[in-house]
Each structure stands twice: as C-alpha cells, then as structure tokens.
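The structure appears right after this line, and notes come after that.
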Amino acid sequence: MELIIEEISRGHKLLGRHKFTQQTVKIGRGYANDIILDDPHICADHITFNHDGDNWIASDLQSINGSFLENSKHSADKHIIRSGDVISMGKSQIRVLFPDHPVEESVTFSTFENLITFTRHPAILISSILLFTFVASFIFYLNSTTKFNLTQLLVPAVGMTLLFALWPSMVSLISHLTKHDTRIMNQLGMSFLFFNLMWVSDVFESIVDFNLSSNWPVTGIITLIPIALAFCLFWLNCTIGFHMTAKRRITVAFSLTALLFGGSYVIQLSKKPDFSPWPSYNASIMTPNFLFSQSSSTQEFIANSEKLFEKAQESAKKK
Amino acid sequence: MKGYFTFLLLCFSSMGYATEKAEHIFKELAPSLYQIRLIDKASGEKSSIGSGFQISKEGLIATNYHVVSGFARHPAKYKMEYLDNLGNKGALILKSVDVINDLAIVKREVNANMPYFVLSDTTPIKGEKLFSLGNPHDLGMIVVPGTYNGLKKESFNQRIHFTGSVNSGMSGGPVVNEFKKVVGINVATSGNQIGFLVPHDKLVNLFNSYKVSPPESIDQQMSEQLSQSQDKLISTILAAKWNIKHLGKGLIPTIDVPFIRCWGESNADKADAILLAAVANCSLEENTYITSRFFTGSLEMEFQYMHAKELSDTKFYHLYENRIKRAGPPYKAIKENVSQYQCQHDIVSPSKQNIKNKAVFCTRAYKDFPQLFDILYLSASVDKNNQALVSHFTIAGIERDSALAFTEKFMESVTWN
C-alpha cells in the first residue's frame, strides 16, 4: 500500500510531500534515508515505517530525542499509523497519509476574481494611483492658507500616496512569507480602488452634513460607510493574498476593521475630556451648487431651538 | 509776583486741608472699618481678603459680593471672619447679596451699640472730593483721596467713575464725602488712577429690602437677581432701535444703546492674504461675577464679511468653513456650574431677507439656577460663491423666552445688501 509523507512546519504549513510504494520507509539525517531531514536534533537513522501486510507500523530506531505523536508524550514507537497522524521528531514534524485520505472540496473561483483581475490591469492600476495622488494634492491645496506652487503640493501628496501604498505592500509581504502568491499588483490595485472610494464616501458625507438639519439623525448611519468599505477592502486583501476558509476570511477582515475603527474610537474616547466648555456643532458648509435641501424659516428654526432648552436642563441635572 | 505767591499759598493750604481732612476722616471712621477674610477650613489659611464697613449699630457690615463669593457658593468650605482696627477677629454671617451690583451684607455679633457709617442721601457732584477707604493688598487700612467723575456712560449697571487709586483688597471698602457719608463702594479698577465704585443707592436698596424681609435663601435671591437683570437688559435691547449698517456687501444690525460698544478689524492691509475678511464685534463690556471661574451676564455679537481674492469657490468655502468651526463662549464656566452645550443646525432663509444661511443654535443650562441658560448662535451664508457673511452671538445667563425673542430678531436682521 502506498504511503504519503508530508514534511510540515510547526504551523502545519506544507514544506514537502513524498509518495512511497515500497514496504519500508526510512527517515533520518543520514544520506541513506528515503527522506533526509536537515535538523540537528534528528538522528542519522531516526525512524522507519514498515508495512506488515495490514498496517503501517512506526519504529523509532532508539533515537536520542525520540519520536512522538503530535503534541503528546506518547512515543511513536510501535505505533500503528492512521491516516493523518502527525509525528514530531527533533524540531521537525511530518504527517503520514494514505492514498484514500479525504480532501477538502474544490474552491470555486471567487466572484470577485473578475474585479481583482480588472484592478490589476496596468492602466487601471496607474490611473487609480494617480487619482489618489491628485485628490491628496487637492486636499493639501484646499488646506493651504497662503499662495503656493505645484511642488509644494506634489511632494506631500506623493508622500501620502507612498504611505498608503505601504498597506498593500505589507499584505503582499505577509503572503510571501507565508508561502502564498505575492500578487502585489492585485493588492495595490484593489487597495487604491478602495482608498479612492473612501474619498467618495467623504464627499458624500460632507454633502449630507451640509444639507440635512439636525432633525435628520443620519450621521450615525453615514459613518458606517467608511467602516463597511474598510471591511470590504480587508476581505478582498485576504481573498487575493491567502488561501483561507470563508469563515476565517470574514473573521480576519472583521478583526482588522474592529482594530482600526475601534482603536481610533477608543483613543478618541480616552482623549475626550469629561466636560467641555465649548459647544460641538455641525458647521459643515459647501459651495452653493451642493445645496439641495429646502431652507427652513426663522420660525421653524426657533421652534427647533426651543426644544434644546429642556434637553440642556435634563443634562444639567446629571451631576 | 505778589499774585503768584498768593496762588502758591492757596495751593499749600488746600493740600494741607485735604491731608488733614483725610486724617480726620480716617481716625473717626476706623472703628467701623473691617478687613473681611475668607478662611479655607481645610488649610486654616485665608483664601481671599477684602474690605467692609459697618452700616448699622446692630453689626450689619456691607462689602462686595465678590469678596464673599467663595462663602456664598461653598459655605461648607470656608468660614468668614472680620478683622477690626484693633486687631480683633470674629465670625461673620452672610445675610443678603446683590450679585448684579456686587454687594453683600454680612453680620457680626455685637454686645453694645456700635458706631457705623451713614449712607448719604444725596449723589455727589462732578469734581467733588471723595475719600476711599480700604485695606489694599493686606497692607493695613488706608485712606485714598480722589474725585467723583460722574457715572460711567457705557455701563448697563451703573458704576461711579472715581479718579483715585483703588487697589485689590480695598474691594468692599466705603467711599465717603467730606461729611463722612457713604456715596459709593469700591469695586474695581482699570489701573492708573481710574477706579470704579458701586453707587450708594444700590446699597440703600439692598439694605432697605433686607430690613423689610431678609432673603430666605441666597441661591434663590441670586437666581432672581440674575433673571431680572438679564430680562431688563434684553427688553431694553429689543425695545431699542436696531440700525442697519454695511459690512462689506452685507447688512448687519447695530443696536442703538450706549452700553453695547463695537470694535472692528480687517486684513485689508495684507497684500498676500487670499481671503479678505472684515470683522465687527459688538459687546456689552461688563459681566456678572459669580465665582472666579464662573461669569455670566455677558452679551457679544460678531459679524464677519469674507470675500475671495483670486480663489476657487471650493477653496474659499473650505477656508471659510475652517473659520466658523470653533465658535465658543467668551466667558469662563466649569462643569460644576453648567451642563454641556446642546446644539442643533439647519439651512435657514429668514422670511423677509434675501439670504440663505447655515444656522447653528446651542444652549447649556446652569446647574444652580435652573431657569438660566447660556446661548450661542452662529450663522454662515451659503448662497454666494465667493462671498460670505457670518453672524454670531453669545449671551450668558438668560431665560428661554428672552433668548428665543432675541435670536429671532437677530436672525431677521442680517442679510445681503
């Protein structure tokens, strides 16, 4: 009966895979072995697997550091192998499998695969990075209070673009380190697409803030948009960079989003003083062509203001 | 030559007369003068000092409210003491206050009838010689001669302009005429021989109403006084003529009352400014002291006209937005005294005016005076591409209905030319 032996890392990542048809398989550091492991804690002749007609049986060749079933003190010597057993020797691990070992179901191509391929197209990639840089420099332009020249805007804008490019690069690096496809172009393309979507959501938020009165408490819902966008980006980063189960992908994306927004929320909360003598109000304004809402009359405004007095008295009662 | 001599002699004699008079006044009145001190119970040391003077034979002493404000607000934290001219100390009880005119009446224990200051029944005439008494900087009782210069014109709550050095620590001390009758109470200074006094009739009113019915609770007395005073202020303002004035291409109101004064500023001299801004600021230049960290009674209005010079509309609006983001009250307040601000905003077009504004209204309530609020209003025009008109006001310690009435009138008074 055939025997498959996988060399695996401690995190169960596959390092090498061997298939044997003979009755005896020898493993050790010596060059006479069928699998030669380069681990100083393994003996030259460490372990053998023999097929006795019915079963594969492991025999430890009185090695110095021994062979153990995974994460236990049970010696692997004389152990009757079952498919999927993991055996630790020295600092290495192997997994022993039979040909009839079940495999996971095939993964269908992600529906986002088209989008992923689209964003990595050089023209799309370059234009979305350029768009990002352009918007960044426009924001620097808006914030400058004195006269300026183009380089003064471009330098910080390019700097900001490079800073934002760190995220997809980092994800790619992690993919690379964990023996996955690097796919840096895909990561860059997807990330910058979402960074640009963030700008769009910012503009949308400003328009809503500008137009709607405080009678429309939608600000809470609006702030969910960037959170949703961030979640999607992290989810897609995972899809591009790693093979993982759908559940795991959602967990990772959710944790990253929670870390990003929860973290900044906690920091804000910790900085917020217990009492502020300054009012916090919405004074967002935009140019007249973004004004879509109907204006209220002075009387309506006064009537709405009147309601605040009771609220203030309520909050004064809380010591 | 002979004439010159006479003149000099006259000068001498009059100077000699003044000094002699001051000495005489001081000697005679000293037993009725006190240093008033608040002792912090926990540390046992004095935390604030001022002056006071006896106004009745039964031991009633007049002083400034701000001298005893610590005790009035936190009776458990402090004890109040007097120190007389012989160095005797004794406890004082707070009887009545006038927070608007910064007056307080306290009482000491007396065994027998004591000499006291008589409150004048006439007002001094301009140029009349007055003598201010008090204990500046804890240096000991002194007398300062000075001149009566009438009432301060721009003040809503009357104050006497006294030419003479009133220093801190003299607060609450009496100012007497040459007949040794009290015509004012030291209250403030703006340095260099300019002092301000509370006119004696305010004390007469407080004293008389105390004799009729002493207040049940100081807090409630203060609350009523604050409400009444602000109500009087707002109704005076609403009844006054509101003149329309140009500010750039905008029209803004100026209220025709002497106690609201306006100042202006612009960046027209800065050639490299990308935004032309002109600011007019009108305010009541006085406020009411409640504690050293809590002032009320103020009113301030600010108008800004902005105009873009070679600037895209988007950028103009962005800079404009930054300028209106952080409006706040010009006076102090802490958590102990007020709630957090509650705000609302909307796009508003006043019915009679041709302007569209983003308007913000905020209010916070006073914790100890439940009918009083601070309000803040800010409005920014959003209907012109390269011009902006901002109108803003804050009022401290006002009741709801007055606040809304003022806000409505104010909103209807700002527009484009």
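Please treat every number below as a calculation from the coordinates, not as lab data. Remember, predicted model here, so these are calculated numbers, not experimental data. Positions of Cβ are generated from backbone atoms using ideal geometry, with glycine treated the same way; all protein chains shown enter the neighbour counts.
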Ranked packing of B:87-98, B:60-71, A:84-95, most packed first, by mean Cβ within 10 Å: B:60-71, A:84-95, B:87-98
Average silhouette area of the stretch B:33-177, convex hull of alpha-carbon atoms, in square nanometres: 9.1
Long pairs among B:Lys202/B:Lys409; A:Lys307/B:Lys202; B:Lys270/B:Lys335; A:Lys271/B:Lys367, criterion Cα-Cα beyond 30 Å: B:Lys202/B:Lys409; A:Lys307/B:Lys202; B:Lys270/B:Lys335
Rounded if a/c under 1.5, otherwise prolate or oblate - the stretch A:68-117, Cα gyration tensor axes: prolate
Cα gyration tensor shape of the stretch B:103-242, rounded if a/c is under 1.5, else prolate or oblate by comparing a/b with b/c: oblate
Distance-filtered residues of the stretch B:383-413 - backbone nitrogen under 16 Å, label point 7 angstrom along B:Ser351 Cα→Cβ: B:405-413
Between the stretch B:266-321 and the stretch A:258-319, the Cα center-to-center distance that results, in Å: 21
Distance in nm between pseudo-label sites at A:His12 and A:Phe261 (7 Å out along the Cβ direction from Cα): 3.2
Reachable aspartates and glutamates, given that their alpha-carbon falls under 18 Å from the alpha-carbon of B:Lys77 and they are not under 8 places away in the same chain: B:Asp40, B:Glu45, B:Asp219, B:Glu336, B:Asp368
FRET efficiency, 1/(1 + (r/R0)^6) with R0 25 Å, evaluated for B:Phe26 and B:Lys126 via beta carbons: 0.50
Check: chain B dipole with +1 on Lys, Arg Cβ and -1 on Asp, Glu Cβ, in debye: 240
17 Å Cα-Cα reach of A:Lys91 towards aspartates and glutamates, excluding residues that sit fewer than 8 places from it in its own chain: A:Glu6, A:Glu7, A:Asp38, A:Asp39, A:Asp45, A:Asp60, A:Glu70
Distance (nanometres) between label positions extended 7 Å along Cα→Cβ at A:Trp278 and A:His243: 5.4
Farthest toward positive dipole pole in the stretch B:110-258 [+1 Lys/Arg, -1 Asp/Glu at C-beta], among B:Ile194, B:Val182, B:Val212: B:Ile194
Cα-only Debye scattering, chain B: base-10 log of I(q)/I(0) at q = 0.13 Å⁻¹: -1.08
Note, ³J(HN,Hα) from phi for the stretch B:273-288, Karplus 6.51, -1.76, 1.60, rounded to Hz, x at Gly and Pro: 5, 8, 9, 8, 10, 10, 10, 10, 10, 10, 8, 7, 8, 7, 8, 10
All Cα pairs of the stretch A:88-157, percent lying beyond 19 Å: 67
Amide H partners (placed H, <5 Å) of B:Glu128, local residues excluded: B:Tyr148
Chain lengthening between B:Trp263 and B:Ala76 when straightened (0.36 nm per residue, less Cα-Cα): 63.0 nm
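Could you estimate the translational diffusion coefficient of chain A from the Stokes-Einstein equation, with Rh from the Kirkwood formula over C-alpha pairs, at 4 °C and 1.567 mPa s, in whole µm²/s?
50
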Diffusion constant of the protein assembly as shown at 25 °C, which comes from Stokes-Einstein with the Kirkwood Cα-pair radius and 0.890 mPa s, µm²/s: 73
Packing-based order for A:205-218, A:244-257, using average beta carbon neighbours within 10 Å, highest first: A:205-218, A:244-257
Number of partner chain Cβ atoms within 10 Å, mean per residue of B:353-364: 6
Listed pairs B:Lys245/B:Lys332; B:Lys241/B:Lys332; B:Lys27/B:Lys180; B:Lys325/B:Lys356; B:Lys21/B:Lys152 exceeding 22 Å between Cα atoms: B:Lys245/B:Lys332; B:Lys241/B:Lys332; B:Lys21/B:Lys152
Label-point separation in nm, B:Phe179 to B:Thr147, each point 7 Å along Cα→Cβ: 2.3
Signed unit charges on C-beta, dipole axis of the stretch A:41-194, positive-most listed residue A:Thr146, A:Ala123, A:His51: A:Thr146
Charge dipole magnitude, Cβ of K and R +1, D and E -1 - the protein assembly as shown, Cα centre, debye nearest 20: 1580
Packing-based ranking, highest mean first, of B:298-311, A:36-49, B:359-372 given that Cβ atoms within 10 Å are counted: B:359-372, B:298-311, A:36-49
Aspartates and glutamates with Cα under 20 Å of A:Lys247, excluding same-chain neighbours fewer than 8 positions away: A:Glu104, A:Glu105, A:Glu113
Karplus (6.51, -1.76, 1.60) ³J(HN,Hα), θ = phi - 60°, over the stretch B:143-157, in Hz, Gly and Pro reported as x: 10, 10, x, x, 10, 7, 10, x, 8, 5, 5, 8, 9, 7, 9
Mean projected area (nm²) of the alpha-carbon convex hull when the stretch B:211-257 is viewed from all directions: 5.1
Per-residue average of Cβ from other chains inside 10 Å of A:103-110: 0
Alpha-carbon centroid distance for the pair the stretch A:24-64 / the stretch B:83-130, whole angstrom: 108
Charge dipole of chain B about the Cα centre (unit charges at C-beta), most positive-ward option of B:Ser402, B:Tyr341, B:Gly50: B:Gly50
Peptide A:271-278 - average C-beta neighbours from other chains (10 Å radius): 4
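How large is Rg over Rh for the stretch A:54-205, taking Rg from the Cα atoms and Rh as the Kirkwood inverse mean of 1/r across Cα pairs?
1.31
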Cα shape, the stretch A:119-260, gyration tensor, a/c 1.5 rule: oblate
Estimated dipole of the stretch B:119-216 in Debye, rounded to 20 [Cβ of Lys and Arg +1, of Asp and Glu -1, Cα centre]: 180
